[in-house]
Amino acid sequence: MMQPSMWTSYLVEWLPHDMARVFAEHGWRTCELSDEHGHDLLKLGDPARAGAEFRIYAAQHGLSFPQGHFYLATRGVRPEDREGRQSADIAPADDAAFDAAFEAMKRWVDLFDGLGIRAGVLHLGGWALAKAGWDPEAIFERRCRALARIAEYARGSVTRICVENMAGANSGAHDSGDFDRLLAAIGMPNVAICLDTGHAQIGGVDCEAFVRGAGRRLEALHIADNLGQSDDHMLPYGRGVVRWSPVVRALREVGYEGLFNFEVPGENRCPPPVRLAKLDYARWLADWMIANDGA
């Protein structure tokens, strides 16, 4: 049975302990930990211990984090983090940067394991390799090498590595064919798939077909709508263009049992009282979509 979830970046200004308390007060029982809040927790010391302690705190408020997003940037979003903050990439061209990215990912895996996160969402990386003149096969091998050693490090932890689909056709994680090739090349049982419906929509990928092609390999979701041109990160049934009924029905038919997780930071650009009222609506909406196949 799918469970309603919200990406915690919806409350990005709140520090982790306040964020957990507010989500719990508004009836949420499961969330996806955002990379911003992950960076906050990593400042607390040993990653595994920080994760375990925060897991206990959240549980005391009736909240858990079965899903989390690995880092999207090298630093967090607090004022002291902004200097030197760059986009994260697990498969850069430079060998020293490649090794440094792996060392960073080890800390994130330890944090997620301590938190009890079962589905760790990961961007495949390798964004700059084509611009650097790399051959497509060399890019594929670089991505596979990065992903395989992260998965090997995570072997034995509770956290499975869920590669997220991206909008770009050259991302290496665009459609079902890309994932068939990638997962076959990796050949590790703790590597799975995260569907981002917004990325699929703007990338011209049919979400329903993607779900059916992924089948049981689908272990995480980013549910978001958009206007078809950019990643607007909106809640379903607003002005967006995603056809939700076929998607939710396909999720049920393939036996998806992970979080029904909204990734909608496009909805949080409003005063706090409005944002919290929308948070209550989002909880109701997730329940309704799960119960009614989004019909």
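Of all the numbered requirements in (1) among the small types (Gly, Ala, Ser); (2) surrounded by 20 or more Cβ atoms within 10 Å (Cβ to Cβ); (3) over 16 Å from the mean Cα position of the chain (by Cα), GLY38 misses one, and that requirement is (3). Taken over the stretch 157-176, residues that are hydrophobic (A, V, I, L, M, F, W, C), assigned to a loop (DSSP other than H, G, I, E, B) and within 27 Å of ASP113 (Cα to Cα) amount to 3. If you go through the stretch 1-22 and pick out every residue that is under 16 Å from GLY116 (Cβ atoms) and over 13 Å from the mean Cα position of the chain (by Cα), you end up with 3.
Just one of (1) part of a helix (DSSP H, G or I); (2) under 18 Å from the mean Cα position of the chain (by Cα); (3) surrounded by fewer than 16 Cβ atoms within 10 Å (Cβ to Cβ) fails for GLU257. It is (1).
Within the stretch 1-23, the set of residues being part of a helix (DSSP H, G or I) and under 21 Å from ALA220 (Cβ atoms) comprises THR8, SER9, TYR10, LEU11, PRO16, MET19, ALA20, PHE23. For the stretch 260-293, a residue qualifies if it is buried (at least 21 other Cβ atoms within 10 Å of the Cβ) and assigned to a loop (DSSP other than H, G, I, E, B), and the qualifying residues are GLU263, VAL264.
Table: residues versus (1) in contact (Cβ under 8 Å) with a residue 60 or more places away in the chain; (2) under 27 Å from ARG149 (Cβ atoms).
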| position | (1), (2) |
| --- | --- |
| PRO16 | no, no |
| VAL22 | yes, no |
| PHE65 | no, yes |
| GLN86 | no, yes |
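State yes or no: is LEU221 touching a residue at least 24 places away in the same chain (Cβ under 8 Å) and in a helix (DSSP H, G or I)? No.
Checked across the stretch 28-35, the condition of being surrounded by fewer than 19 Cβ atoms within 10 Å (Cβ to Cβ), modelled with pLDDT of 95 or more and hydrophobic (A, V, I, L, M, F, W, C) holds for no residue.
The values are calculated or read from the model by the stated rules, or taken from the named source; none is laboratory data. No experiment lies behind these values; they were computed from the predicted model shown. Cβ sites come from the backbone with ideal geometry, for glycine too, and all protein chains shown count toward neighbours.
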